[in-house]
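A quick write-up on the structure given underneath.
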Amino acid sequence: MKIQRKSGILLHPTSLPQSYGIGTLGQPAYKFVDWLEQGGQSLWQILPLGPTGYGDSPYASFSTFAGNPLLIDLDLLVNKGWALSDDIIPPDYIKNTGNVDFGSVVWWKLPVLKKCAWFFYEHSDSRQVFVEWARKNKSWLNDYALFMSIKDEFDKKAQEEKPVSSMWNVWWPSKLASHDELALKDWEKSHKQEVLVYKIIQFFFMMQWNELKSYANSKGISLIGDIPIFVAPDSCDVWANQRLFQVDKKGRPLSVAGVPPDYFSADGQLWGNPLYNWKRMKEENYGWWVIRIKHSLELVDILRIDHFRGFEAYWSVPAGEKTAINGKWNKGPGIDLFDQIKNNLGEVELIAEDLGVITDEVKQLRDECGFPGMKVLQFAFSEDEIENNGMTNYFIPHMYDTNHCVVYTGTHDNDTLQGWLLNCSDKKLCYTASYFCGRNISTEEAKKLVYDGTLRKLMIRKALESVAEYAIIPMQDIIGIDNKGRMNTPSTTGSNWSWRMEETDLKDEDALLLKEYSFLYGRNIKKK
């Protein structure tokens, strides 16, 4: 099979500039697509698109099917006649520059969106378009709208009464928590407007997203999406499908996800996601997963699956444990799941996130599925590898044993490239600089190459030069920002996910450099 070399940029829409409070699917997104085209790029990778909750992580969403309402562009609603301009005026504390303040944005924007949705329902000529869209998407939309409307009411009560937990499986009335059909019908009758508004807001998101995707595709740019293997405990996904998860009769997890202790963490990582009931899923021919992948690939062209190793074996920790130490490995569905996906959807383009401690069994599953894995340049220059010139290193370019992979300078969980270089020890920095310059580099010279941006650009060039089929560069690495631009620091809370670029960060000179590199290394055949 002929290899199609491509390159592109990793940038989540929340990080786009100009729009009020948070990046949206509005004009700055279209300008970014134009910049990608100018730079000869053919890939735009994003993080998960779902509605985020506590912690603002796109990897902990209220629904794996729904879109994040905060990404909806209000000006585009007005332009279509779906909202009034007077209703979308932001308060003074909402700015169109600087990092995202999620709390403020949620406080202001969600009520505005609900008001716009009701205006649309009462006044728009497009109401029948919505009705038809809602009918086609009822398999996930109805449960999502019910979940969010119930959550709204009981979250308000929880704020007043301050229970131990406001989770649906602790705080909601038992019949609603158990997804009782009669109780839900009664709820919808008594909360008709609230449920309808949540559906319309999703219609807003999907219409704007589909138009942006069509625009990108028309420019020769494919979208790479991202889904986590697990879903959030406080999600419609678990609530509406409790039979498919390892939960008790009240919907409370019996075991939760994590990773075992390793060199980086003596206690391991306790993620807390409910684990799948893979036996039940197999009995149902993995239908939920097939629908999930199908829906995701309607929104994007290529899909990266986070924590791919969990399909071969997953770390199971008994619920209630304070750390991940007392977990155990359980077998995942393996190739059975992906055979069902292929049988139902045909050949799909998936990327396996195979980072961390990866066993031969995981590699075998990845290769049997035919999925490319990931190479991260920052991981290639550990202190342990310096002595043997990377001869056992999975991530260093001269040791790539296949072109069926995707190379990144870094990911959303890493330092920015400039931040990483600034934090390198002298020994690691000299080795890194020597590798990319092709000669021995002194500490003094290496630091100069960092401060003037040369070493960062050489690393980007090497990624595009590599044999990897796809090369993806985080936008922060193009800009050259230090760790002020870091997207996420795992196992921490605070300012994660909040970085936004400035309008002036889309520079012609960077686009031209990317275009030249991409042409030189066969990732963009159109030089003009």
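The values are calculated or read from the model by the stated rules, or taken from the named source; none is laboratory data. Quick caveat, the model's predicted, so the values are computed rather than measured. Heads up, the Cβs are rebuilt from the backbone with ideal geometry, glycines too, and the neighbour counts pull from every protein chain shown. Heavy atoms of the whole protein, side chains included, go into the accessibility calculation; ligands, DNA and RNA do not. Shrake-Rupley method; radii C 1.70, N 1.55, O 1.52, S 1.80 Å.
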Kindly indicate the residue of the range 331-390 that is part of a helix (DSSP H, G or I), among the hydrophobic types (A, V, I, L, M, F, W, C) and under 22 Å from residue 412 (Cα atoms) and also most open to solvent (accessible area, probe 1.4 Å) among those meeting that condition.
379
Looking at 83, 60, 66 in this structure, which one is in contact with a Pro (Cβ under 7 Å, 6 or more places away or on another chain) and either small (Gly, Ala, Ser) or within 16 Å of residue 105 (Cα to Cα) (or both)?
66
Are there any pairs with C-beta distances below 6 angstrom linking a residue in the range 217-237 that is in contact (Cβ under 8 Å) with a residue 24 or more places away in the chain to a residue that is part of a loop (DSSP other than H, G, I, E, B) and among the charged types (D, E, K, R), with the two at least 6 apart or on different chains, and if so which?
222/301; 223/301
Criterion: within 20 Å of residue 330 (Cβ to Cβ), surrounded by fewer than 16 Cβ atoms within 10 Å (Cβ to Cβ) and not hydroxyl-bearing (Ser, Thr, Tyr) - qualifying residue of 270, 254:
254
Among the candidates 63, 42, residue that is in contact with a Phe, Trp or Tyr (Cβ under 7 Å, 6 or more places away or on another chain) and buried (at least 20 other Cβ atoms within 10 Å of the Cβ)
63
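The rows are residues; the columns are (1) within 30 Å of residue 352 (Cα to Cα); (2) in a loop (DSSP other than H, G, I, E, B); (3) modelled with pLDDT of 95 or more.
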{"position": "415", "(1), (2), (3)": "yes, yes, yes"}
{"position": "427", "(1), (2), (3)": "no, no, no"}
{"position": "445", "(1), (2), (3)": "no, no, yes"}
{"position": "449", "(1), (2), (3)": "no, no, yes"}
{"position": "455", "(1), (2), (3)": "yes, no, yes"}
{"position": "458", "(1), (2), (3)": "yes, no, yes"}
{"position": "461", "(1), (2), (3)": "yes, no, yes"}
In the set 467, 406, the lone residue that is assigned to a loop (DSSP other than H, G, I, E, B) and in contact with a Phe, Trp or Tyr (Cβ under 6 Å, 6 or more places away or on another chain) is 467
Just the residues that are part of a loop (DSSP other than H, G, I, E, B), over 30 Å from residue 119 (Cα atoms) and in contact with a Lys or Arg (Cβ under 7 Å, 6 or more places away or on another chain), please, taken from the range 29-77.
39, 40, 42
Quick one: in the range 451-478, of everything that is buried (at least 19 other Cβ atoms within 10 Å of the Cβ) and without any contact (Cβ under 8 Å) to a residue 40 or more places away in the chain, which residue is farthest from residue 372 (Cα to Cα)?
455
Candidate set from the range 84-106 (those that are open to solvent by 80 Å² or more (accessible area, probe 1.4 Å) and within 23 Å of the chain's Cα centre (by Cα)); member that is modelled with the lowest pLDDT
97
Tabulated pairs, the range 498-515, first closer than 30 Å to residue 101 by Cα and small (Gly, Ala, Ser), second open to solvent by 20 Å² or more (accessible area, probe 1.4 Å) and in a loop (DSSP other than H, G, I, E, B), C-beta under 6 angstrom, 6+ apart or interchain:
498/99
Those residues of the range 211-260 that are among the polar types (S, T, N, Q), farther than 28 Å from residue 46 by Cα and touching a His at 6+ places or on another chain (Cβ under 9 Å) come to a total of 1
Any residue in the range 173-190 that is open to solvent by 20 Å² or more (accessible area, probe 1.4 Å), at pLDDT 95 or above, in contact with a Gly (Cβ under 9 Å, 6 or more places away or on another chain) and outside any strand (DSSP E or B)?
yes
Would the range 295-310 turn up any residue that is open to solvent by 10 Å² or more (accessible area, probe 1.4 Å) and aromatic (Phe, Trp, Tyr)?
no
